[in-house]
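Coordinate-derived values only; no laboratory data. Every value quoted in this text rests on a predicted model; they were computed, and no experiment measured them. Note that each Cβ is placed from the backbone with ideal geometry, even for glycine, and that neighbours are counted across all protein chains shown.
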Amino acid sequence: MNRRSVIAAASALAAVTAGSAWAVAVASARLAVHLDGDFLHISAPRLSFMSGSAFDRLKNGSTVAFVGQLTVSSLPNAVLADARSVARFALSYDIWEERFSVTRFADRPEFRRTVGHLSAQAAERWCLDSMTIASGQLPADKPFYVQLDLRLEDPRDPLGIVGEPGINITRLVELFSRPARSAQPRWLLNSGPHTVAELRKASHS
């Protein structure tokens with residue numbers, strides 16, 4: 001078994017630990033990584049997190065929030081990260097236009113972004129694409145691994161995280177240091193190893 005096969009197997013195992021109800025959806029998805037300008041971006045074309053009860057709640061007029069963390073580390077599934085990006089997304093559905101809106105919350109109000117008139121797939125793509133890490137934070141001379149941890153927000157999670165100025169980044173990072181609650185949908189995807197040189201070459205091909 002080659003190195004990439006070992007990493008793929010580890011990713012599948014991580015998906016199973018995320019909860020059997022969600023293991024199939026995560027195991028069938030693949031986390032793609034690319035450099036665009038000065039930032040590392042991700043995509044996961046086969047990942048659909050706006051599904052199940054979350055989708056039903058949206059169609060019934062409720063706002064649904066997801067919290068996500070993107071990390072870069074020198075080892076797969078590492079607890080300590082060399083770089084990270086965290087975000088909170090609030091999604092809503094317009095029953096007349098049959099389109100979704102997404103608001104990405106940051107630590108300051110001026111950095112909050114909202115987009116609308118999106119299909120479900122476009123809303124999911126926008127959420128993932130807005131989670132970026134500056135290329136200057138990537139290890140320049142050694143391989144690294146990228147992990148996405150995405151969770152449907154539990155009603156108890158916003159306490160201490162969401163405030164008037166914006167989200168508390170420190171509290172949000174602390175949230176990801178804890179396991180997801182037993183009934184909390186979670187999607188855990190891994191990719192790597194990558195190098196900056198490899199990603200730069202691919203971005204110019």
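For segment 34-113, taking the reciprocal of the average inverse distance between every pair of different Cα atoms yields a Kirkwood hydrodynamic radius of 15.0 Å. Decide, for segment 54-158, between rounded, prolate and oblate: order the square roots of the alpha carbon gyration tensor eigenvalues as a ≥ b ≥ c, take rounded if a/c falls under 1.5, and otherwise choose prolate if a/b is larger than b/c, else oblate. Prolate shape, in that a/c is at least 1.5 and a/b is the bigger ratio. Dividing the convex hull volume of the alpha carbon atoms of segment 32-77 by its residue count gives 132 Å³ per residue. Ranked by how many other Cβ atoms sit within 10 Å of their own Cβ, fewest first, the residues His194, His204, His117 fall in the order His204, His117, His194.
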